[in-house]
Amino acid sequence: MPTIRLAKMSDIPVIQRIERDTGVLFRGVGMDFVADDPPPPEKLLGEEISSGRVFVSVDGDESEPRGWLWLREADENLHIEQVSSDPRFRGQGIGTSLVRFGLRLARSSGYAGVTLTTYRDVPWNAPLYSALGFVELPRHAWGPELRAIREHEAEVGLDTAPRMAMIHPTTSGPPA
């Protein structure tokens, strides 16, 4: 059974490898720009790990991470900045368990909901989040922090394919 724990500094190279390997999957849907995007730099990951915002999924206490989750606050919600699972373990529910962990953490911490931004038409993006209970958050409902996140994504070129913001309210019952 996978365990989710706070990431450690020693996890950074594995997180970066997972991010590169996951990016390659986007070539199969014509999104080479995602595959070519470098993983978060070591310094940034180190800062986020030190702040307690990065979690990893491991199979046993000392095993190498098989997936990772990066959380932050945005407009009174817990925001999923990034979630990725190692493609070698695809289909084992690692990404789903990380998202559900984020939902439980948001509920227990008193957040209004969990938000994320994602690609509308990539099968392992918006359709997966919809199956987990996320719904599209229309532009007029974005708060200033989510709006800033989307503006930054556009600035770095992520809007080459249709993107959307989604939310899972914490008051809508148990996490999917």
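The values are calculated or read from the model by the stated rules, or taken from the named source; none is laboratory data. Here the structure is a predicted model, which means the values were calculated and not measured. Because the Cβ atoms are built from the backbone with ideal geometry, glycine has one as well, and the counts that use them run over all protein chains shown. The area values use the complete protein model at the heavy-atom level, side chains included, leaving out ligands, DNA and RNA. Shrake-Rupley method; radii C 1.70, N 1.55, O 1.52, S 1.80 Å.
Listed values, structure above:
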quantity	calculated
Selected from Ser57, Ser108, Ser85 as most flexible by GNM, with the chain as the system and alpha-carbon contacts under 10 Å	Ser108
Between region 108-176 and region 36-97, the Cα center-to-center distance that results, in Å	16 Å
Charge dipole (debye, nearest 20) of the chain; +1 at Cβ of Lys and Arg, -1 at Cβ of Asp and Glu	480 debye
The chain, accessible surface, carbon-and-sulfur percent (1.4 angstrom probe)	53 percent
Cα centre as origin, Lys/Arg/Asp/Glu Cβ charges: region 91-176 dipole, Debye	320 debye
Stokes-Einstein D (µm²/s) once Rh is taken as the Kirkwood radius of region 1-74 over alpha-carbon pairs, at 4 °C in 1.567 mPa s	100 µm²/s
Surrounding net charge for Thr170, when Lys and Arg each add one and Asp and Glu each subtract one, Cβ distance under 12 Å	+1
Within region 48-104: Cβ-based charge dipole about Cα centre, in debye rounded to nearest 20 (Lys, Arg +1; Asp, Glu -1)	240 debye
10 °C / 1.306 mPa s Stokes-Einstein diffusion coefficient of region 34-129, Kirkwood radius on C-alpha pairs, µm²/s	111 µm²/s
Fraction of the pair-distance distribution of region 76-176 above 18 Å, Cα-Cα pairs, percent	46 percent
Positive-end residue of Gly91, Ala74, Pro41, charge dipole of region 1-113 with Cβ unit charges	Gly91
Heavy-atom surface of region 57-174, accessible at 1.4 Å and reported per residue (Å²)	49 Å²
Karplus-derived 3J(HN,Hα), 6.51/-1.76/1.60, for each residue of region 25-42, Hz, glycine and proline x	4, 5, 4, x, 10, x, 10, 4, 4, 6, 4, 7, 6, x, x, x, x, 4
Kirkwood-Stokes translational diffusion coefficient of the chain, alpha-carbon pairs, 25 °C, 0.890 mPa s, µm²/s	150 µm²/s
